Amino acid sequence: MYAVTEEKSKKPLKPNKKEVGFPAIISSIVNATPGNRLEDAINNIVSLEGRQSIAFGLKALTEFEFYLFEKAAGLEVFAVDELQERLEWNSGNKIFVGIYDYGRPYIGYATDNQIPDKAFLHIAGVCLVPEKLKEVIEQYEHHTDKALDDDMYGFLNACSPDELEEVVNVAFHAVDHVDPAIIFVHDDTFTNFGNYNNILNRNDPAKSGYVFGDWNKRDLSSWHYNQTVYAFGYNCLIRSGYRGEEFSGNQLTLKTLNQFLDKKIEELVFINNDIELTVEKPNTLIEKADLVGRLKKQVRKDYFAYRFVNGLNFNKKLMYSERKRNILSIADVPLEIAEYLKDNCETDIAQFDTIDALFNHAAENLVAAGNEVDASLQVTPVEQLLEAVVRSATYHTQSEIGMTRGPRNLREWVRLLTQGNYEELSNQQGTDYYCAVWATPETEEILAGQGKLSKILYAISGRMCFNSWHYTPGHFPKDKIPEGRHYYYPPTMSDTAVWSDQHHAGHTLARVRYSIRSPAGLILDDKKYYGLVDMRVMRTDSKPYSHQDLRIARQFTAYLRAIYQGVYASAQRHGRDVPVQAFSKRWYENTYRTE
């Protein structure tokens, strides 16, 4: 019912040497499919040619597709045009296999010669179905789990019209203010991703032709079954402390939701091994979701949560790491940082017991000394300190690019927010934020040789400035967000990502395959602002980041947080703004000239 549509369907791909990123993967899969057994072809499709596990990829299939996958595993896959030239084309039923532009696999059973023609679908091959197998396939019956259906409708039927509307609104806000996700509910696809978006129009949320725009929120009887599962599933996930992205690229059904919640209860009880599960065993999906939410809160004392992001399909898996393994001792500060602080900030590490005190003191000294722009380097001492920390982080995480972002004038940003000037703050431009990006000398040399150095560094910077601008209303009281101003929730936890160069244009240009994002919350005038600043490091093609790499990144993020806190506190004490002035487009062009 909610197929991703466009005016004209795209036809099977031909090799294109200019294709990069995800389209290149789709082309390769389509051209590699004929000549294989169906099992091998589907394994190649769902794993995106080995880029993710087959077990994960198979979770995208509907129950009927999985049935076909199992029963027809040994059939040979032919190229469609090849089979059309043979007499067998006109005899027997067929199984078509393919993949959508956004990565969803397709296995379709056809009783005629009609080639499936769906938007964004590329048919990669076709199998002839023998008569005996035809009988087996046509015995298939789809059965929903009546107990789970009764559970869902029992909850929804007890809702008033106002409560039903809130169920839909919870799902809407869950997808409207976070990164894109691609969710499959049986045969339907629900996504807010780029050209495939079929669920909401951000400029006009009530616009017809989109799932949420057409939704009669107060009349349960008008809800399509898959639509109902989507809304109910998101409500359960939000109540459990998750955001739905855990199902991106997978099937979100009542069965998979139930399995997910059961697994999370088991995992969290295991992590909380020093507590006893004192509540009665939950029976309904809502009860399970609420229990997961409570268990997650208990974990926070001893563990920090972070996400593992699959850039192929935006799937995000929540992971945990023990806080006692964090690298936050003053003794862990690298020697090059200690020497930089002593030589440039009149700050001797031996005189301090905590990293907050150490970097606060360094920031105070730089601000008190005037923080004037160095004419030869075109940066201020504070900006040079940020560079020293980020370059050290890049080195210790074996990265090639590192960066940090935030508001250019932190003191003014806080002043506007605390004074209630939400409209003015919301109307600031991307240029009112900055992102300082540095590459290793080796990476600079490679990019300069390609004539791309300033272009790529500024492209990354520009995107991160947009992110800062996009997060800003997320710091406002909800009733103060200006109407029509779109925003994302500011990030609260770190993440590591793989295959980041598939859908993100800037990352594709820079060949950034692996990344760590480590946001920092600043406490300014006794209020904490999550994700107001962050640090990121990136690799091109070496290897994914490890748990230890993330801990190191968080170590350096703590240094940056202390610097930002120190600069703000010093600016307040001295009664003057201390803006970041570098890292504009012109700065990147002038700093990284490649004549």
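General remarks:
- Filtered by the rule that a residue be in contact (Cβ under 8 Å) with a residue 60 or more places away in the chain and open to solvent by 10 Å² or more (accessible area, probe 1.4 Å), the stretch 431-442 gives a lone residue, Thr431.
- From Ala147, Ala124, residue being among the small types (Gly, Ala, Ser), within 34 Å of the chain's Cα centre (by Cα), closer than 30 Å to Ile286 by Cα and outside any loop (DSSP other than H, G, I, E, B): Ala147
- Single match in Tyr210, Tyr234, Tyr242, Tyr306 (criterion: in a loop (DSSP other than H, G, I, E, B), touching a residue at least 24 places away in the same chain (Cβ under 8 Å) and crowded, with 18+ Cβ neighbours inside 10 Å): Tyr242
- Among residues of the stretch 309-348 being of a type in the set (S, T, N, Q) and free of Cβ contacts under 8 Å to residues at least 40 places away in the same chain, the one that is nearest to Ala24 (Cα to Cα) is Ser329.
- For Leu164, the conditions (1) more than 27 Å from Glu63 (Cα to Cα); (2) open to solvent by 20 Å² or more (accessible area, probe 1.4 Å); (3) modelled with pLDDT of 95 or more all hold with the exception of (2).
- In the stretch 574-586, residue surrounded by the most Cβ atoms within 10 Å (Cβ to Cβ) [restricted to those that are in a helix (DSSP H, G or I) and in contact (Cβ under 8 Å) with a residue 12 or more places away in the chain]: His574
- Checked against the criterion of being under 13 Å from Ile123 (Cα atoms) and either surrounded by fewer than 21 Cβ atoms within 10 Å (Cβ to Cβ) or out of contact with any Gly (no Cβ under 7 Å at 6 or more places or on another chain) (or both), the candidates Ile54, Ile42 yield just one match: Ile42.
- Within the stretch 466-491, being open to solvent by less than 60 Å² (accessible area, probe 1.4 Å), at pLDDT below 95 and either basic (Lys, Arg) or assigned to a helix (DSSP H, G or I) (or both) holds for one residue alone: Arg485.
- Note on the stretch 395-427: residues that are part of a strand (DSSP E or B) and of a type outside the set (Lys, Arg) total 6.
- Residue that is farthest from the chain's Cα centre (by Cα) [pool: residues in the stretch 107-121 that are under 22 Å from Leu58 (Cα atoms) and not hydrophobic (A, V, I, L, M, F, W, C)]: Tyr109
- Check on Leu200, touching a residue at least 12 places away in the same chain (Cβ under 8 Å) and in contact with a Cys (Cβ under 9 Å, 6 or more places away or on another chain): no
- Qualifying residue in the stretch 441-457 (condition: of a type in the set (Ser, Thr, Tyr) and more than 30 Å from Tyr320 (Cα to Cα)): yes
- In the stretch 310-324, the residues that are open to solvent by less than 20 Å² (accessible area, probe 1.4 Å) and either out of contact with any strand residue (DSSP E or B) (no Cβ under 7 Å at 6 or more places or on another chain) or in a strand (DSSP E or B) (or both): Asn310, Leu312, Asn315, Lys316, Leu318, Ser321
- Pairs with Cβ under 8 Å, 6+ apart, first in the stretch 375-401 and within 12 Å of Ala582 (Cβ to Cβ), second in a helix (DSSP H, G or I) and open to solvent by less than 10 Å² (accessible area, probe 1.4 Å): Pro381/Cys345; Val382/Ala363; Val382/Val367; Val382/Ile563; Leu386/Leu560; Leu386/Ile563
The values are calculated or read from the model by the stated rules, or taken from the named source; none is laboratory data. As the structure is a computational prediction, the values presented were derived from the model and not from experiment. Every residue, glycine as well, gets a Cβ built from its backbone with ideal geometry; the counts of neighbours run over all protein chains shown. SASA here: full protein model, heavy atoms, side chains in, ligands and nucleic acids out. Shrake-Rupley method; radii C 1.70, N 1.55, O 1.52, S 1.80 Å.
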